[in-house]
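The block underneath contains the structure these notes are about, expressed in structure tokens.
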Amino acid sequence: PTRWFKPGLLHAVFQEYLYKTQATFLDLPQPLQSRAATANLIKFLDIKDSPSVQQVVDHLRKCSHDGAAISEQVYRFLSNNLKEPAVIDLKNIACLYLPPHGYVHPQHVFWNEHGFGPYRHQLGAALRPYQPLFDMMGVREAPNDSDPDYLEVILAISAQFAPGNHPLEECAHGV
């Protein structure tokens, strides 16, 4: 069945990977949409060809909530829009997608070795281009003596092994 939309409500698929959970996309093959864009038809029909910062942030939030993978390009887009209030709000949620762990909280992530085993995470060098974004979110180079991570990790280990008085696994013991 054919559906009609008011001007301004449809989006072209050119950057769909940045916000696919947040918009209704034109249901035509991308090559056809590209030709329509070249002929200025996309603009004439008021079909959006790029997302707002809020749409990208909302897409990341939705994917984090659902545990769905995202394109690394989401972080590039957000890095380019670092000063936007919607981006700044991300530091309060688990929004770093780190396979195979899924989404983790930025404050539980370091750029370098951290010594916390599986209780904290390390970003790979491939993500360094987005360092200003990740640093703003709370990613740190390495733990220091005043970090709350030491106590938080000990409490997490205790919560995992204390009930039932289970012996520590090797990775927890190493921490």
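The values are calculated or read from the model by the stated rules, or taken from the named source; none is laboratory data. Bear in mind the structure is a predicted one, so any value in this text is a computation, not a measurement. No Cβ is skipped: glycine too gets one built from the backbone with ideal geometry, and neighbour counts run over all protein chains shown. Keep in mind that these areas ignore ligands, DNA and RNA; they rest on the heavy atoms of the full protein, side chains included. Shrake-Rupley method; radii C 1.70, N 1.55, O 1.52, S 1.80 Å.
Could you work out how far helix 53-66 tilts from the main Cα principal axis of the chain, as a 0 to 90 degree angle to the nearest 10? The answer is roughly 50 degrees. Accessible area per residue was computed with a 1.4 Å probe on protein heavy atoms; Ser34 scores about 50 Å².
Of the solvent-accessible surface of the chain, computed with a 1.4 Å probe over protein heavy atoms with every protein chain present, carbon and sulfur atoms account for 55 percent.
Both radii are taken from the alpha-carbon atoms of segment 1-138; with Rh as the Kirkwood radius, Rg/Rh is 1.06.
Database remark: amide H of Phe25 closer than 5 angstrom to the amide H of His11 (H placed geometrically; neighbours at sequence offset of 5 or more, or on other chains; Pro and chain starts carry no H). Looking at segment 3-77, the accessible area is 63 square angstrom per residue; that uses a 1.4 Å probe and ignores ligands, DNA and RNA.
A simple spin-label model places the labels of Lys83 and His166 5.0 nm from each other, with each point 7 Å out along Cα-to-Cβ. For segment 1-133, the relative contact order comes to 20 percent (Cα pairs under 8 Å, sequence separation of at least 6).
Restricting to DSSP loop positions (anything but H, G, I, E, B) with no more than 14 other Cβ atoms inside 10 Å of their own Cβ, which GluC sites (Glu not before Pro) remain in segment 90-175? Walk me through the numbers on the way to the answer.
Details: sites: Glu113, Glu141, Glu152, Glu169, Glu170; in loops: Glu113, Glu141, Glu169.
Of the GluC sites (Glu not before Pro), the ones in loops of segment 90-175 whose Cβ has at most 14 other Cβ atoms within 10 Å are Glu113, Glu141, Glu169.
Put simply, the amide H of Leu96, placed in the peptide plane, has neighbours under 5 Å in Val104, leaving out anything fewer than 5 places away on its chain.
Suppose a student asked you for the relative contact order of segment 75-131, using Cα pairs under 8 Å spaced at least 6 residues apart; what percent would you report?
Details: 47 pairs, mean separation 12.9, N = 57.
Here the relative contact order equals 23 percent.
Accessible-area rank, largest first, for Leu133, Leu127: Leu127, Leu133, with all protein chains present and a 1.4 angstrom probe. Among Asp145, Asp58, Asp89, the largest mean-square fluctuation in a Gaussian network model of the chain, built with springs joining Cα atoms closer than 10 Å, belongs to Asp145.
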